[in-house]
Every structure is written in structure tokens, then in C-alpha cells.
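Since the structure comes first, as C-alpha cells, the remarks are kept for the end.
The values are calculated or read from the model by the stated rules, or taken from the named source; none is laboratory data. Predicted model only: the values in this text are computed from it and were never measured. Using ideal geometry, Cβ is built from the backbone for each residue, glycine included, and neighbour counts are taken over all protein chains shown. Ligands, DNA and RNA are stripped out before the accessible areas are found, and what is left, the full protein with its side chains, is counted by its heavy atoms. Shrake-Rupley method; radii C 1.70, N 1.55, O 1.52, S 1.80 Å.
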Amino acid sequence: MVEEEQKYEVDDTFVLPDLSATFAADGRVRALPPVTLVARYLDTVDLRLARAGASLRHREGDELPWTVKLPTGTPGVRHEISRPGPVGQPPPELVELVTALHRGAPLAPVTVVRTVRHAHEVCDGAGTVLAEVVDDRVTVLDDTGATTGAFREVEVERKAGDRTLLERIGAVLREAGARAGSFTPKHVRALGTVAQAEPDLVGPGGLTADPTAGEMVTEAVRKEVRRLLAHDPLVRLRTSADGGDSAVHQMRVACRRLRSDLRTFRPLVRRSWARPLRDELRWLAGVLGGARDAEVLRDRLRRTATADPLSPLDTGAVDRLDEALAQRQRQALAAIDEALRSPRYLALVDALVLAARAPRLTRRAATPAARTLPKLVARPWRQLTGSDGVDGLDPLAPDDRWHAVRKEGKQARYAVTAVVPAVGKDARRLARALARVQDVLGEHQDAAVAAETWLALAADRPADHELAVTAGRLAERERDTVRLMRARFPAAWHRATRRRRTRWLP
């Protein structure tokens, strides 16, 4: 689940105001009995979880006492995952969810926080809880149970209400003397300034007006490393990423883009550093690929099967095809789980964190990005446009030849996208046009693979005649799509190669 809350600092003289003015006339505020919550937080010796804005805790009295909270990139909004388990034995599943943060370092108790909570539920006329306002008096305890610190805070957590209600409640609290503070979790306040230090993973920080080529490389590496590691726990949870894409897809894209960037920027990074990293990213992308391919095929199966309502297909046969793909997907997801638990993956995560902190650059990286980077993009662009690319592409060429051009196009698009901050609008225009080219080539490839898959799945069951007929009809529809994409490609390619989009390339 996603937790969304706002925090306010208050002193001992603060009195919680009447909140009834924040909702409709038929609503009400329901005071709950006070409770005492004792939470024990686990972390590494150097507080890797806390510094990254995450936590792993055991809280007495909760139905699901073990909880992991993960940052989302939006202050006050976190992923919250809870599981059962005895004190002192964190569930392995939750420990794995923070793998990208602890990177194999042991987790041990680092602080104990006791909270006396007075909660108030803001409800509508039907009794639905729209928001919860809690007045927390917090005591920090050491290993012996002695008090080492104390503070008070008010939290407003969104339930069934909207963000506007949270703002109205916040206005009432501020008028009563509460101070809106930065979103700092209780255990981070309890642990002090060490827990508020910079996280190990350095994220993108923006570029200067005239960046060097090395600064561009660093920013690109940090962007994709952050994307990859942010989706690690979502892959383990089988959760969708922002925008509806699967987390597996986003993690795989991060692998591919980072590999592509390291290839594009090859003269700017040390080969002995970049080559092993690219090899390991290829391995991880391959592991993720099986699940992503099955996911795409299952989605495509339903769309292709229902594409012509006037010519329906055998639903039972379609279901049998889907179940075969579902079995592939389950096996592929199990392989991902195994890979993410492996020492090899831990070593890769460590390497990625170090790469984001300080990529190993060559002397050429000190040159101005605007002068250096167009020359680097020119190489994948020439490969795409040359005789081995689009110029030599026969409209009647085999699917594999079209797929090869698609891969070259993806490399060129990634390269152009990577240098947009340095080159500006011309590169942005070309990147957008290449994205449209990739949409056409991607749909071509997906349809070609799907057609082969439907026929192969039917061949595995030669006695299932309904399946053979259905697979054949599905394959025909996919080949229609292949022909349509080949017809659309010239216009998309012509738009991409207009002079105003390519004039910046040497």
C-alpha cells in the first residue's frame, strides 16, 4: 500500500484544534482511545536505510508487526509493506525488499521509539474515514530502556479523502500554532544527524549551463542507476510502476539505457570500468527479459483475439494459449527472484552505487559537452542510416532484418536522448521522431514474434484442433500488422530525417 501523510512540529503547550470545520456538515471527528506503540528499528551500522529515507521496524501490538517503508520520490508519500513475524526475526521477504539499500550488510537494532498516540478520525456522513490526525508524544529509548530523547509531533494521514482535505486540515493546525516541517520519520529524528546524512546512492543533481562531457555522463549514469534500483523492490512485490508500466519493464529499460549510455560515451569512460558493468547489466536485462516477453505476449493475445468483434475466436482456445504463457511467466518470475537473491546481483548493486557516486572518466571527459557529444552520437546514427541500417532495408526483407534495424534505432534513440540536455531542442526533436520510428518498428517486432509464438504453442499440442485453428487465425492477424507497420515505416523515417532534426550531427 501507499502511505501519504504530512507532519507538523508542535510543543508541549499545543492543543489540538476543532477539526469539524474541515469537512461537510454531515461529517464528524471520532476520537480513538490513546495507545502506546513501541517500535524497534533495524538498520546497518552506517544507517543505510535511514539515510535513504527507508525503514524496517517491528512494532508491538500491530496485527502485522513487521513493516518496511520505502520512499517514492514524493515527500510524505511512501510504500508501506507489512508482514507477520516474531520480534527479533524480520521476515526474509522484507529484508529482501531493502536489498538495494543494505547491499548485503547485516541488519541489527539501531533505536527504539515509544509513542503515546492520541488519534482522531475525520469521517464523512456515512462513517468512512477520510483522514486520520494523530498527536504523538515520542520517547527515544536506549538498549537498557532509559530515555535518551523526546519530542512531539502531529501527523495527518490521508485515508479515503482527497489531498484538498489534507490541506484544509493543515491550515487549521497551522492556525492553532503547529509548524509545518520537513518530512522526517520518527526514527530518523531519534537517530540524529547521522541518519540525515546523504544516502549512499547519489541521484542526478542537474547540470550547469555549459556542462562538460563528463558531467553529462555522470548525470546520465545517476539517472538510470536510480531508476533501476528504485524498481528493485517493486519487481519483488510484483507491483506496477508509475504510469502503469510493470516494474519488470522499467527495471529492464534502465538496464538497457545504462548499457547504451556506456556504449555511446565509450571514449569518455574507462574501458576497464565500463566493460564489466555492461556485461553484468546485459545479464540482468536477460533475466528480466523472459518475464517481460511473457507479459507483453499475454497482453497482446487478448488484444489480437478481440480485435475483430465480427469474427470472434474460440475463447477456450485463447484461454489455453494464455495459460501456456502464464506458465512461462511464472517460471520467468521465479528466475528473477533467484537472480535478485544471488551474490552476483548484490555485487552488481554495489558496483552501480559506486558508479553513480563517481563514474571512471577519461581525460576527454573534461571537454565541453556541446562540442564533444554530437560526435559521439554520430556513430550510432551512421550505423542506423547506413547500408547495414535503413538505407539497405528491403521492404520484403525477413523479420530478422527489420529487427536488426530496430535494435540499431533503439541505440541511436538512446544516444540522442542522452545528449538532449547539452544539445537542446534539435536533439529533442530528433529523439521524439526516433521514438515514433521505434513505435512502428517495435509493433512490427511484437507482431512478428507473436505470430511465431501462437503457431509454436499450437504445435506443442497437435491433438488440439481448435487450438491449431485459433492460433492460425491469430497469426494471420499478426502478419497483417507486420505488413501495416512496414507500410507506415517510410513516412515515420522521413519525418525523423528532416534536416531541421539532424543538422546538429557532424
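With every protein chain present, what is the per residue accessible area of the chain (1.4 Å probe, Å²)? All intermediate terms of the calculation are to be shown ahead of the outcome.
Working: 24210 Å² over 506 residues.
Value for the chain: 48 Å² per residue.
Loop-located GluC sites (Glu not before Pro) in the stretch 126-157 (DSSP state not H, G, I, E or B) with no more than 16 neighbouring Cβ atoms inside 10 Å do not occur.
Starting from the coordinates of the alpha-carbon atoms of the stretch 62-166, obtain the Kirkwood hydrodynamic radius over all distinct pairs and give the value in Å to one decimal. Write down the numbers at each step before the final one.
Working: mean 1/r = 0.0606 Å⁻¹.
Radius from the Kirkwood sum: 16.5 Å.
Full extension of the chain between residue 382 and residue 476 yields a length gain of 30.3 nm, computed as 0.36 nm times the residue separation minus the alpha carbon distance. Could you work out how far apart the two model spin labels at residue 314 and residue 338 are, taking each label as a point 7 Å from the Cα in the direction of the beta carbon, and quote it in nm? For residue 314 paired with residue 338, the spin-label model returns 3.4 nm.
At a 1.4 Å probe radius, carbon and sulfur cover how many percent of the accessible area of the chain? Kindly include the intermediate steps, with their values, before the conclusion.
On the way: 12380 of 24210 Å².
Ligands and nucleic acids excluded, carbon and sulfur reach 51 percent.
Taking packing as the residue-averaged number of other Cβ atoms within 10 angstrom, the listed peptides 217-224, 428-435 run from highest to lowest as 217-224, 428-435. Between the Cα long axis of helix 213-230 and the first principal axis of the chain there is an angle of about 70°, rounded to the nearest 10. A straight Cα-to-Cα reach below 12 Å connects residue 69 with the aspartates and glutamates 3, 4, 80, residues fewer than 8 places away in its own chain not being considered.
Helix 163-175 axis versus longest C-alpha principal axis of the chain: approximately 30°, rounded to the nearest ten. Helices in the chain, meaning DSSP H runs of at least 4 residues, each add -39500 (n - 2.57). Divided by all residues, the mean residue ellipticity at 222 nm is -17000 deg cm²/dmol. Spacing of the modelled spin labels on residue 238 and residue 483, each 7 Å from Cα toward Cβ, amounts to 4.0 nm. Over all other residues within a Cβ to Cβ distance under 11 Å of residue 337, the charged ones net out to +1, with Lys and Arg as +1 and Asp and Glu as -1.
Peptides 108-118, 325-335, ordered by how many other C-beta atoms sit within 10 Å of their residues on average, highest first, read 108-118, 325-335. For residue 425, the lysines whose Cα falls under 22 Å of its own Cα, not counting residues fewer than eight places away in the same chain, are 223, 375, 410. Between residue 89 and residue 184, how high is the FRET efficiency from 1/(1 + (r/R0)^6) when r is the Cβ-Cβ distance and R₀ = 30 Å? Nearest 0.05. That pair, residue 89 with residue 184, gives E of 0.60. Computed over the alpha carbons of the stretch 270-375, Rg followed by Dmax gives 21.6, 64 Å. From the coordinates of this entry, volume of the Cα convex hull per residue in Å³ is computed, and it appears in [x] 206; [y] 132; [z] 164 under the label [x].
The slack in the chain from residue 299 to residue 175, taken as 0.36 nm per residue of separation less the alpha-carbon distance, amounts to 39.5 nm. Each peptide in 51-57, 167-173 was scored by the mean count of other Cβ atoms within 10 Å over its residues; highest first, the order is 51-57, 167-173.
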